[in-house]
1. State the percent of C-alpha pairs, over all pairs in the chain, separated by a distance greater than 17 angstrom.
2. Using the Karplus curve 6.51 cos²θ - 1.76 cosθ + 1.60 with θ = phi - 60°, what ³J(HN,Hα) values do you get for each residue of segment 84-89, in whole Hz, with x for Gly and Pro?
3. Distance in nm between label sites at Ala72 and Ser94, each 7 Å beyond Cα in the beta-carbon direction?
4. Per DSSP helix of 4 or more residues, -39500 (n - 2.57); summed, then divided by the residues of the chain. What does that give at 222 nm, rounded to the nearest 500?
5. Projecting each Cα onto the charge dipole of the chain (Lys/Arg +1, Asp/Glu -1 at the beta carbon, about the Cα centre), which of Cys11, Gly34, Ala79 comes out farthest on the positive side?
6. Where in segment 1-41 does the amide nitrogen come within less than 17 Å of the point 7 Å from the Cα of Thr55, taken along Cα to Cβ?
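All of the numbers you see were taken from the coordinates with simple rules; none came from a lab. This structure is a prediction, so every number in the text was calculated from the model and none was measured. Every residue, glycine among them, receives a Cβ derived from its backbone with ideal geometry; neighbour counts consider all protein chains shown.
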Amino acid sequence: MINPGLYDLVCPQGASFDKTFTWTIGGTAVNLTGYTAAMQVRVGFDTATTLVSLTNGSGITLGGTAGTIGVAISAAVTAGVAAGSYAYDLELYSGATTTRLLQGAFTVTPGVTR
């Protein structure tokens, strides 16, 4: 079991959000072949309201032996999220094992240009 990394994300409202993470252990990339992943952004850790939900092929791309996890949220989706600070986590699944890799604040900054 690993403790999830604490990593806060900032997302500009109404713009595309793209972030790539690399999972390494001891400096070596973890082979993510056969893994699946999910990430959710919620109003808070203890609320049922999901603002953004991503999975493999739908916002999350796993990079196999490179150990990369690409996260992409479209501008249309970020435009629909009110500016503010929310909570997120990113989980990876391999068989019956669930690893919460990252968690933290997901801050949406307000847009100005209309």
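1. Cα-Cα pairs of the chain separated by over 17 Å account for 54 percent.
2. Running phi through 6.51 cos²θ - 1.76 cosθ + 1.60 with θ = phi - 60° gives x, 10, 10, 10, 9, 8 Hz.
3. Those two pseudo-labels are separated by 2.5 nm.
4. So the helix-based figure for the chain works out to -1000 deg cm²/dmol.
5. Ala79
6. Zone members listed by number: 34-41.
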